[in-house]
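Heads up: the structure comes next, in structure tokens.
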Amino acid sequence: MRRTGRSRALLATGTLLGALMGVATAAVPAHAADGVCTGAASVQAGSTGRYFLYPINVADNTIYCYLQSGHTGPGVRALQKNMNNCYGKKLELDSVFGADTRSALRDVQNRIGAVVDGVYGRETLAKMQWARYGNETGAKYDCV
């Protein structure tokens, strides 16, 4: 098949557009597919009489969610509480993801070998230790 100058130009334009779209897709943050952590949930730790407290996305009922500066609510409070209990932070449990929470999270991310971006998402969730609390008293038992 013989290609004309116009068809070559269209092919080159399509190839360039595809390459640019691929670059744009690669630049999207990993957490973009997940919703905001709008709540918190207690998850039983087997039959140990203990539970974990995780930030969750209430609409999707999942722990795969994200938090960043400006967010507020129970998900932020659960993250703050966990950083205090497992990483020695002294955050006020105010449910506001402000400068102090962002700074504490960046420090934790650095310590656990996660990308240090100040955004809580899947990688930080997976690499963080999480506090286990006693069912009867709610007191911290340990961090795992």
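The values are calculated or read from the model by the stated rules, or taken from the named source; none is laboratory data. Because the structure is a prediction, the values reported are computed rather than measured. Backbone-built Cβ (ideal geometry, glycine too); neighbour counts: all protein chains shown.
Reported count of residues in segment 104-123, each being more than 13 Å from MET83 (Cβ to Cβ), assigned to a helix (DSSP H, G or I) and of a type outside the set (Lys, Arg), is 1.
Within segment 84-102, if we keep just the residues that are touching a Leu at 6+ places or on another chain (Cβ under 8 Å) and in a helix (DSSP H, G or I), the residue that is surrounded by the fewest Cβ atoms within 10 Å (Cβ to Cβ) turns out to be ASP100. Per the listing TYR120, TYR133, TYR66, the residue uniquely more than 15 Å from the chain's Cα centre (by Cα), of a type in the set (Ser, Thr, Tyr), buried (at least 19 other Cβ atoms within 10 Å of the Cβ) and within 20 Å of GLY39 (Cβ to Cβ) is TYR133.
If you filter segment 44-59 down to residues that are at pLDDT 95 or above and among the β-branched types (Val, Ile, Thr), you find that the one that is surrounded by the fewest Cβ atoms within 10 Å (Cβ to Cβ) is VAL58.
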